[in-house]
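Presented below is the structure to which this report refers.
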Amino acid sequence: MKAQRSLNPVNSFRVIVTTLGRVTLAYRIETVYKVVKRSQIPDSNLEQTGIIHINGEAAVIVDLYRKLLNAYTPSEQGYFVVVKSRVGELIAVPVETSPNLMDVSREHVRILPSSYRQANRLSVASHVAVIPHEKETLTIFVIDENSLLQSVLNT
């Protein structure tokens, strides 16, 4: 997946896109603090969380592979997508492949119904975008950083 050309900023928004197995996730660019190379995850014996330090700040690791797929993060290689919650806490999500920058048209985005969010493992997503991509469509779940933080508190 490659970065898309810039759309009209009023009608689109930028996201950092990653894949998690066969699921495509996106983080709104204004919530992304930093993307850093990943090293071994400290506290890897924990079920879904750990902690790392980035620029002198602690970031809680939320392993979405474990949380959403009931599987271990496939390797120690990859990146952390570090997002900042509205209350200022840093959350680091390990991803295997290099994240991509993408502009998403607002016309392709819908709010996920709360009933879906409550009944599905993707409760950390707030919106879904279904966009044309090559000969098919690409479904992207937009992560809500505050739901991601809440998921840490509920584990």
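Please state, as a whole number in µm²/s, the translational diffusion coefficient that the Stokes-Einstein equation yields for segment 96-155 at 4 °C and 1.567 mPa s, with Rh defined as the Kirkwood radius across alpha carbon pairs.
100
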(message) Could you order the peptides 118-126, 105-113 from most to least packed, using the average number of other C-beta atoms within 10 Å per residue?
(response) 118-126, 105-113
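Since every read-out is calculated from the coordinates, none of them should be taken as a lab result. Computed from a predicted structure; not experimentally measured. Here Cβ is always computed from backbone atoms with ideal geometry, including for glycine, and neighbour counts include all displayed protein chains.
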